[in-house]
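See below for the structure under consideration.
The values are calculated or read from the model by the stated rules, or taken from the named source; none is laboratory data. Small disclaimer: the values here were computed from a predicted structure and weren't measured. Note that we place each Cβ from the backbone using ideal geometry, even for glycine, and neighbour counts take in every protein chain shown.
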Amino acid sequence: MEGTFVTIPALHRTDADVALKLITKNSVMYRHVVNDPAFSAHKEHIWQNIHGENRTYYVSDFPGAALGCVMQVSFHKVLPH
């Protein structure tokens with residue numbers, strides 16, 4: 001049975017498999033700004049601790065991100081001499 005899934009052109013490969021992983025941030029807070037493309041966090045959030053002190057944290061710019069990976073393998077048969 002033929003599938004009906006059609007990839008967007010940027011992900012279409014005929015020579016490899018493409019895997020996508022979803023990364024959800026789930027309100028993760030960081031102590032410092034994060035510039036990593038998958039985990040970027042630049043939104044400042046002030047949090048008051050149990051001692052009444054204000055702490056600055058940074059939350060993710062987006063609730064989720066996708067990470068793509070291209071997997072390509074090659075099999076070779078070794079012939080006897």
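In the range 51-65, the residue that is farthest from residue 20 (Cα to Cα) out of those that are surrounded by 11 or more Cβ atoms within 10 Å (Cβ to Cβ) and of a type in the set (S, T, N, Q) is 56.
Where strands (runs of 3 or more DSSP E) sit wholly within the range 1-66, those with at least 1 residues that are of a type in the set (Ser, Thr, Tyr) occupy 17-24, 54-60.
Step by step: first the residues of the range 15-32, then only those that are aliphatic (A, V, I, L, M) and in contact with a Phe, Trp or Tyr (Cβ under 9 Å, 6 or more places away or on another chain), then the one that is farthest from residue 70 (Cα to Cα). Which residue is that?
First pass over the range 15-32, keeping only residues aliphatic (A, V, I, L, M): 16, 18-20, 22-23, 28-29.
Cutting the leftovers down to in contact with a Phe, Trp or Tyr (Cβ under 9 Å, 6 or more places away or on another chain) gives us 23, 28-29.
On the way: 23: 17, 28: 28, 29: 30 Å.
Once the filter is applied, the top-ranked residue is 29.
Going through the range 66-81 one residue at a time, which ones are closer than 21 Å to residue 18 by Cα and surrounded by fewer than 10 Cβ atoms within 10 Å (Cβ to Cβ)? Show your work before the answer.
Filtering the range 66-81 down to residues closer than 21 Å to residue 18 by Cα leaves 66-75.
Answer for the range 66-81, where residues must be closer than 21 Å to residue 18 by Cα and surrounded by fewer than 10 Cβ atoms within 10 Å (Cβ to Cβ): 66, 71, 72, 73, 74, 75.
Within this structure, residue 79 fails the test of being modelled with pLDDT under 95 and assigned to a strand (DSSP E or B). Under the condition of being touching a residue at least 40 places away in the same chain (Cβ under 8 Å) and not charged (D, E, K, R), the residues counted in the range 3-55 number 8. Looking across the range 33-50 at every residue that is within 21 Å of the chain's Cα centre (by Cα) and surrounded by 10 or more Cβ atoms within 10 Å (Cβ to Cβ), the one that is nearest to residue 67 (Cα to Cα) is identified as 38.
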